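The values are calculated or read from the model by the stated rules, or taken from the named source; none is laboratory data. Model, not experiment: these values are computed from the prediction. No Cβ is skipped: glycine too gets one built from the backbone with ideal geometry, and neighbour counts run over all protein chains shown.
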Amino acid sequence: MSNLAASAENKRHRSLNCGKNFVAGGRQHIIANYIVDFYCAEVKLIVTRAAAIILKDDSLALIKRNRAGQIYYIFPGGQIEEGESQIETVVRESKEELGLEVNVGPLVAEVIFKGKSQFHYLAEVISGEFGTGQGEEILGLVPTAYGTYAPVWVPLAELLQRDIRPLPVAELVLRSQIDGWPREALLIKESN
């Protein structure tokens, strides 16, 4: 199929046994790294990402990136590995990048960027020490072209003063402090 959204929608209405599905936040999501077409004849590899939204004392846990001279911030998380669910990815990446064990809550946003999905979940810290992650990015074991990764707490009052990616999720975090979290996960399509 030529359109990822159409493929996911078609998959929702068919009873195929070739693909893993998961219901969170009232929506169905694909939790494998593959989208399978109607006849299960063609498998297309896509990169999907799952990330944590962790709040503490009016601050948000983020990863500060310095890459090719640009400083920006991303939500802790990473690529969903084969056979891994979105929730398992959030748990693994929170430990690797932040040094934290988390309970994963509801899905609050799905961001589509360049045809790839990013799933953002609320997460609550249950143990660990922030900044003690042992992931290869945090330890500097990735090629220098990838830049640096550093876990940081960013005060909510400063979120819009920083280059946070994806920005709509940072804006959602701020709105949630006033309006509460949405009942269903938001679908956000970024154009650039």
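Yes/no matrix, rows are residues, columns are (1) at pLDDT 95 or above; (2) surrounded by 14 or more Cβ atoms within 10 Å (Cβ to Cβ); (3) touching a helix residue (DSSP H, G or I) at 6+ places or on another chain (Cβ under 7 Å):
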{"residue": "ILE53", "(1), (2), (3)": "yes, yes, yes"}
{"residue": "SER59", "(1), (2), (3)": "yes, yes, yes"}
{"residue": "SER85", "(1), (2), (3)": "yes, yes, no"}
{"residue": "VAL90", "(1), (2), (3)": "yes, yes, no"}
{"residue": "GLU110", "(1), (2), (3)": "yes, yes, no"}
{"residue": "ILE126", "(1), (2), (3)": "yes, no, no"}
{"residue": "ILE138", "(1), (2), (3)": "yes, yes, yes"}
{"residue": "ALA145", "(1), (2), (3)": "no, no, no"}
Output the number of residues of the range 126-143 satisfying the condition of being more than 16 Å from ARG65 (Cβ to Cβ) and without any contact (Cβ under 8 Å) to a residue 40 or more places away in the chain. 6
Going through the range 104-150 in order, the residues found to be of a type in the set (D, E, K, R) and touching a strand residue (DSSP E or B) at 6+ places or on another chain (Cβ under 9 Å) are GLU110, LYS114, LYS116, GLU124, GLU129, GLU137
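Could you tell me whether PRO106 is modelled with pLDDT of 95 or more, closer than 22 Å to ASP58 by Cβ, surrounded by fewer than 20 Cβ atoms within 10 Å (Cβ to Cβ) and of a type outside the set (Phe, Trp, Tyr)? Quick ask: steps written out before the conclusion?
Numbers: modelled with pLDDT of 95 or more: yes; closer than 22 Å to ASP58 by Cβ: yes; surrounded by fewer than 20 Cβ atoms within 10 Å (Cβ to Cβ): yes; of a type outside the set (Phe, Trp, Tyr): yes.
In short, yes.
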Scan (1) outside any strand (DSSP E or B); (2) closer than 19 Å to LEU62 by Cα for the single condition VAL152 breaks and write down its number. (1)
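Which of the residues spanning the range 76-96 are in a loop (DSSP other than H, G, I, E, B) and in contact with a Pro (Cβ under 8 Å, 6 or more places away or on another chain)? I'd like the intermediate steps shown before the answer.
Going residue by residue through the range 76-96, those that are in a loop (DSSP other than H, G, I, E, B) are 76, 80-85.
Within the range 76-96, just PRO76 meets the criteria.
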The correct count of residues that are farther than 27 Å from PRO168 by Cβ, β-branched (Val, Ile, Thr) and not in a strand (DSSP E or B) in the range 97-141 is 1
Check off (1) under 12 Å from the mean Cα position of the chain (by Cα); (2) within 19 Å of THR132 (Cβ to Cβ) for SER59 and give me the number that stays unchecked. (1)
